[in-house]
Amino acid sequence: MKIYPVVHKPWLCVASLVAVMLIASMVVSCDNAAQTTTASSTTGAAVVESTSVSTILPATVTHVQLSTRTPGPPPTDIPYPSPTLLLGMQASCQVAGYYPYLLRSCWRGTFNGELISVGAGRDRSVSDPNQTQLGVLIISQSPYLYYDHNPAIYYVPDGFGNVNIVSVSGTQITLAQAGYYGDPTPNGQTIIFDLATRQFQTVSGTPLPTSVPPTIPPHK
Amino acid sequence: MGDYQDNSEAYDTLAENIAAPTAPLSSTSYFVTNTSLNTHYNDGYCAANNPSSSIVVLDYGQPVTATQQPIGNPYGTVLFDAHTTSTTTYAISNAVESFIYGYNDAYDRVPNPNVTCTINPGSATIAIGTSNLIQGGVGAVSPAHARAWANMVNDVRAFATPYSEVTVAAGFDAEPDYSNYSSAQAWVKTFTLSSTATLYNYGTVGAFPCTTASEHLPHGLSCAGWTVDQVYQLSSGITGTKALPEIYADTYPMDWYQVDRWGVQTYSKQMSFAGDMTGCPYASCDPQYNPTDGWQTLWLELNSDSATSQNPPWSTTIVCMTSDCSVHLTTYS
């Protein structure tokens, strides 16, 4: 059985340990070499007191494993939180790979008894901060927005620009004007998108023009 | 600063007379979806499939202030799992170390019954990546996050010292759409001052970067939020940075050539291209590039002009680490 960690050039680490003992301030991470050498050596010359090394090495070297390891996958996995389907505003709208819309504000919840996901942002094809952004609202009838090949895509009314989701209440999604990077716009206007009618409207309820592009364009 | 010139006509003519060499064997990089040691171990094991050298980017997603944080470790990322799980630099370092263990076991020809891949190990550079993506104006694209990232990378580098076949580096998906330039620049500068590890920019130009808002645009593209000089700085200009650009489709190589040309004309210094990153691992990816097309097209663009001529050593393709990924499945899948 191989003792881990493997030190391909053990003489280097022995030399380094000697150097460390001479220059106490050097940071050399050969704890493992010292442990391995001490455990396996049969000659006095190569043995270095691991306790001495531990005293010299700074405590900040935290990622060098002090125990031996057998080859193969880790015997136990470090537990990490089991993914759960979080409802409400999402921590991130990050997407792996290219997506033609840049969404920085995402929400997931139920509507008419079904899980839906909503993203707000802008069309990436217009990327000059000095130009008016094309704001979009994307609605998927699934809990995972980016998996949906055919979500409903609504461009916000002309001139309104990039948008963030402020809140979702009942059938109404409140959207606020946002800057180029999705940053909140001071004194920016807000509008409503009604999930029941699939229509933009002013906060006072006046319907606004609503267009629906057919599909997500291919990346070219 | 030199005057920007559109050389597209000249290099288009030259490009007709040269042929790209065979592309390097493409490695697999990952949009990371979890910090499982087993998953990382097995992926690290299977990464040892190139007998020469390769680069693997482990992209841990957008930087955040971690919500669950060990003491003294308040920074992390949002992973690419569909649930957008947050993780810490501590968990990331453990996961990368497990990846390195896997690579090293393959290097030592230790059997792994849990995978079916064929190993053929050489050396590998493993770049631990994050991005400049901010969310709603709030994000951790900050010097403090960059310092935490550098500390983590430095720790993993120390860990990897015995494994001579592995080089630990950092990655940064710098995109003009993701944040303002000053935030991204501050992150990159802080990182490079805090670590001697190379920082590979595997980002994009966005749309074509302009020196001014009214500049002539050669490919019918609009101006990006950053200037061409700013893209250059984050990709080679700042000491310690190199370019490993996304070459997803046909406009990308042309734009990166223009950035390189800008560096030559302005600073008499070429960009340093470590390779390219494509986004589709299959043989047919139309309209996106497969790994061979991506590397060769970038090579042709760069080598059509003697001022920017170079031979990027690596090619990598980025895929999701697991099926639970916030990926937008495009037409090739």
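Coordinate-derived values only; no laboratory data. Source: prediction; values computed, not measured. Every residue, glycine among them, receives a Cβ derived from its backbone with ideal geometry; neighbour counts consider all protein chains shown.
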Karplus ³J(HN,Hα) for the range B:174-188 (6.51 cos²θ - 1.76 cosθ + 1.60, θ = phi - 60°; Hz, whole; x = Gly/Pro) runs 8, 10, x, 6, 8, 7, 5, 5, 4, 5, 5, 5, 4, 4, 5
Taking Cα pairs closer than 8 Å and at least 6 residues apart, the relative contact order of the range A:100-202 in percent is 19 percent
Per-residue Cβ contact counts at 10 Å, fewest first, order B:HIS145, B:HIS40 as B:HIS145, B:HIS40
For B:THR118, placing the label point 7 angstrom along Cα-to-beta-carbon and taking the range B:40-61, residues whose amide nitrogen sits under 16 Å are B:46-52
For A:SER167 and B:TYR282, extending 7 Å from Cα along the Cα-Cβ vector and measuring point to point gives, in nm, a value of 4.5 nm
The orientation-averaged projected area of the Cα convex hull of the range B:18-125, in nm², is 8.9 nm²
Relative contact order of chain B (C-alpha contacts under 8 Å, at least 6 apart) in percent is 21 percent
So, with points 7 Å from each Cα along the Cβ direction, the A:ALA152-B:SER182 label distance in nm works out to 4.1 nm
Quick note on B:PHE172, A:PHE193, ordering by fewest other C-beta atoms within 10 Å, gives A:PHE193, B:PHE172
With label points set 7 Å from each Cα along the Cα-to-Cβ direction at B:ASN17 and B:SER164, the distance between them in nm comes to 4.6 nm
